[in-house]
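Here is the structure we will look at, set down as structure tokens.
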Amino acid sequence: MADVLVPAPGSSAAPLDYLIPGAQEIILKALAARFDGSAAAAAFYPAVQLIAPGNITGPTFKTRSSVAAGGSADVTFGPFLDEDAAATPASPASLPIALGIDFSTTITAGVNNTMNLSDGFGTNDTSVFGTQTVGGRTYLQVKTAGYYRAMMGCQPEDVADTGIITSSWFWNFGAGRVDQSALDTGQFDGGQFAFGGLNRWLIASDTFFAIDHPASTAVIVKINGANLTGNLSSQQTIVALQRQGDYFDNIFPA
Amino acid sequence: MAAPMNTGMPVGIDLADGWRIRFTALTATTGVVDTSVVVSQASLLVDNLGGGDLSTGFTLGEIEWLNLPDNLVAPAGGG
């Protein structure tokens, strides 16, 4: 026999009961009702209870979240149902990142060069990043200890657009640049070069972040296999420092 | 307009006569029935195993006599 819908002929103050008539037997498939809480002074849960003969209360099925005082809800009770997810899932938090810009530093072959990020600074979290001026140069400053990833892109003036550029740079963390803890080598084809990868560097709090092109690096720039003999003028250099998330911090606590 | 909500219940609840299906509103903080909430447009989707008339089951406006004061007696002569 096909399923049937049994509607209530009117409304009632809660509770509203349906008593299975004599000599009948049913299998419940789904239930629905409107719960008008216009006069309700407090939040409430729409619910269905099964009451056994003898007025013995059996299981109660209620909504997971309540209806606010004065609110109303059209509720469907059925197998495998659950409340709808929030219309807009919470956005994941952005990882803190800072950008520093250097428009003018010339990288001179054979000597130590340090970028001066005095031409621009931006961050999405000033509690993690700032700037710090040391010895006349502006650096990105790390305020909060943790693991960080460093990236850099550069558009040199003096390099042909078709050249392949290989250059080594130090990411230096720490006052006085004494902690030369990391070396990244980048290669890029097309007159620009970029550094940075999946390496993460552990940085203490209140540390400034320097980018050095060390004098000790034998090969500064190669163009089609030949060493560049002149200087490299960084027309536009952008440095990004991004703090890694709790996932890394939990595995490798700072 | 009332907000739509869904909630789960088990599959295959087989009930015979004498059972009640109660639509109710439970106060969030105390769990007691909030009688200020009005239930309307209630319906049951069922497999009618008995095949009989199910339309008489709703008890709209029924008065609960279960908690009458002890000194309340039925009127003489009946109703």
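No value in this document is a laboratory result; all are computed from the given coordinates. It should be emphasised that the depicted structure is a prediction, and the values quoted were computed from it without experimental measurement. Neighbour counts run over all protein chains shown; Cβ positions are idealised from the backbone, glycine included.
Observations, loosely collected:
- Within region B:1-32, the residues that satisfy the criterion of being of a type in the set (D, E, K, R) and either more than 7 Å from chain A (Cβ to nearest Cβ) or assigned to a strand (DSSP E or B) (or both) are B:ASP14, B:ARG20, B:ARG22.
- Failed item, numbered, when A:ALA39 is tested on (1) under 37 Å from the mean Cα position of the chain (by Cα); (2) of a type in the set (A, V, I, L, M, F, W, C); (3) farther than 20 Å from B:GLY12 by Cα: (1)
- One residue stands out among those in region A:49-70 that are facing chain B (nearest Cβ under 7 Å) and assigned to a loop (DSSP other than H, G, I, E, B): the one that is farthest from the chain's Cα centre (by Cα), which is A:PRO53.
- Check on A:ALA30, touching a residue at least 40 places away in the same chain (Cβ under 8 Å) and aliphatic (A, V, I, L, M): yes
- In this entry, A:ASP3 is excluded by the filter for residues that are facing chain B (nearest Cβ under 7 Å) and buried (at least 21 other Cβ atoms within 10 Å of the Cβ).
Yes/no matrix, rows are residues, columns are (1) more than 7 Å from chain B (Cβ to nearest Cβ); (2) surrounded by 20 or more Cβ atoms within 10 Å (Cβ to Cβ); (3) in a strand (DSSP E or B); (4) not charged (D, E, K, R):
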residue	(1), (2), (3), (4)
A:PRO9	no, no, no, yes
A:PRO21	no, no, no, yes
A:ILE26	no, yes, yes, yes
A:LYS29	no, no, yes, no
A:PHE35	no, yes, yes, yes
A:ALA47	no, yes, yes, yes
